[in-house]
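Student: The structure under discussion is supplied below as structure tokens; questions concerning it will follow.
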Amino acid sequence: MHGTARWGVRRVQTGRDGDKPRTDGTLPKPPGGLASRVRLTVLRLSRRLRAERAGWLSSAQHSVICAVVAHGPFTPSELANREQVQPPSMTRTIQSLQAEGLLERTAHPQDRRQALVEATEAGREYVAETRRRRDQWLSRRLAALTTEERRILSQAEEILRRISTQ
């Protein structure tokens, strides 16, 4: 079954050579039509931006702290539903973020049986620092573009935003 996917589709093993710049400094276009090229480019950019974090958190922990800062407070079960994980997994994530001083539990104002999970000042600072790092990384790359390239990218951003909200 070497080289063949589980469903009988032959995989092409290309390695990372397709990512190497050409002699003119440009990268070759990924294979496939426009949809494939946009998808691959957006995924690569997203992966690269996600790497620009303020610290040590796992992707799951980072997602939780960002959700709480942006949309919280939440009950643990609301947060588990939002993040699409089982409640025991969310409990462990919340406990680890509490131990780092990024989240805290507070009393639910209407239901004493429940607790709310809120971001601490350190949690809000972590999210703000991560956003700042990501913006800086991208700003440095945008600054290297020509005025015309930035104009085209601005138009593309508007189109991608429209596609993403349909």
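The values are calculated or read from the model by the stated rules, or taken from the named source; none is laboratory data. Given the structure is predicted, the values throughout are model-derived calculations rather than measurements. FYI the Cβ positions are ideal-geometry reconstructions off the backbone, even for glycines, and counts take in every protein chain you see.
Student: Return yes when Leu138 is surrounded by 14 or more Cβ atoms within 10 Å (Cβ to Cβ) and in contact with a Phe, Trp or Tyr (Cβ under 7 Å, 6 or more places away or on another chain) and no when it is not.
Tutor: So Leu138 fails the test.
Student: Within segment 120-166, track down each residue that is free of Cβ contacts under 8 Å to residues at least 24 places away in the same chain and β-branched (Val, Ile, Thr).
Tutor: Residues satisfying the conditions are Thr120, Thr146, Thr147, Ile152, Ile159, Ile163, Thr165.
Student: Do you know which residues across segment 31-61 are in a loop (DSSP other than H, G, I, E, B), surrounded by 13 or more Cβ atoms within 10 Å (Cβ to Cβ) and either of a type in the set (Lys, Arg) or without any contact (Cβ under 8 Å) to a residue 12 or more places away in the chain (or both)?
Tutor: Arg53
Student: With respect to Arg140, is the statement that it is within 19 Å of Thr41 (Cβ to Cβ), of a type in the set (Lys, Arg) and either in a helix (DSSP H, G or I) or touching a strand residue (DSSP E or B) at 6+ places or on another chain (Cβ under 7 Å) (or both) true?
Tutor: yes
Student: Oh, and also: Could you please let me know if Thr93 is in contact (Cβ under 8 Å) with a residue 40 or more places away in the chain, of a type in the set (Ser, Thr, Tyr) and more than 30 Å from Lys29 (Cα to Cα)?
Tutor: Answer is no for this residue.
Residues checked against (1) at pLDDT 95 or above; (2) in contact with a Leu (Cβ under 8 Å, 6 or more places away or on another chain); (3) of a type outside the set (Lys, Arg):
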| residue | (1), (2), (3) |
| --- | --- |
| His108 | no, yes, yes |
| Trp137 | yes, yes, yes |
| Arg140 | yes, no, no |
| Ser164 | no, no, yes |
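Student: Do we find a residue being at pLDDT below 95, over 21 Å from the mean Cα position of the chain (by Cα) and in a loop (DSSP other than H, G, I, E, B) anywhere in segment 114-129?
Tutor: Within segment 114-129 (the criterion being at pLDDT below 95, over 21 Å from the mean Cα position of the chain (by Cα) and in a loop (DSSP other than H, G, I, E, B)), the answer is yes, since at least one residue qualifies.
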